[in-house]
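Visitor: Structure provided below as structure tokens; questions to follow.
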Amino acid sequence: MDEILIVTTNDIPGYEITQVHGEVCGLIVRARNAFSNMGAGLRTVFGGEARGYTTLLLDSRNEALERPREAARYKGANAVVARRFDCNEIASIMSEVAAYGTAVTIARR
């Protein structure tokens with residue numbers, strides 16, 4: 001298995017965890033631009049999706065997810081279990097996205 005499998009569950013059906021390598025995480029902080037802030041402000045008045053923020057958070061989530069994958073590979077793992085995400089706002093102008101889980105080695109049963 002060359003690809004690092006990432007799952008939200010604590011185990012993977014059909015596999016057994018043969019080694020635990022420890023926690024891996026990825027963090028990304030992105031500043032919001034003035035146009036996104038202005039558009040989001042209008043959305044709060046008129047309703048609707050704030051697409052600039054949706055794109056920002058989706059891109060941030062995808063980038064944050066790649067970092068635990070790289071860290072797991074570096075530790076010699078081939079999977080990450082119990083993957084979670086946290087998202088926070090910093091000073092009302094930045095978004096922080098953290099992805100974390102436990103790096104493990106798995107083998108087919």
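Visitor: All but one of (1) more than 12 Å from the chain's Cα centre (by Cα); (2) modelled with pLDDT of 85 or more hold for Gly47, so report the exception by its number.
Guide: (2)
Visitor: Further question on the same structure: Restricting attention to the stretch 56-79, report how many residues are at negative phi and over 14 Å from the mean Cα position of the chain (by Cα). Before you say what the answer is, go through the steps one by one.
Guide: The first filter runs over the stretch 56-79 and keeps only residues at negative phi, leaving 56-75, 77-79.
Applying the additional criterion that residues be over 14 Å from the mean Cα position of the chain (by Cα) yields 73-75, 77-79.
Result for the stretch 56-79: 6.
Visitor: Output the number of residues of the stretch 72-109 satisfying the condition of being out of contact with any His (no Cβ under 9 Å at 6 or more places or on another chain), closer than 12 Å to Val24 by Cβ and touching a residue at least 40 places away in the same chain (Cβ under 8 Å).
Guide: Residues in the stretch 72-109 being out of contact with any His (no Cβ under 9 Å at 6 or more places or on another chain), closer than 12 Å to Val24 by Cβ and touching a residue at least 40 places away in the same chain (Cβ under 8 Å): 11 in total.
Visitor: Does Glu63 satisfy the criteria of being at pLDDT 85 or above, among the charged types (D, E, K, R) and either farther than 21 Å from Thr9 by Cα or surrounded by 15 or more Cβ atoms within 10 Å (Cβ to Cβ) (or both)?
Guide: Numbers: at pLDDT 85 or above: yes; among the charged types (D, E, K, R): yes; either farther than 21 Å from Thr9 by Cα or surrounded by 15 or more Cβ atoms within 10 Å (Cβ to Cβ) (or both): yes.
Yes, satisfied.
The values are calculated or read from the model by the stated rules, or taken from the named source; none is laboratory data. These numbers come from a predicted model, not from an experiment. Don't worry about glycine lacking a Cβ; one is built from the backbone with ideal geometry, like all the others, and counts go over all protein chains shown.
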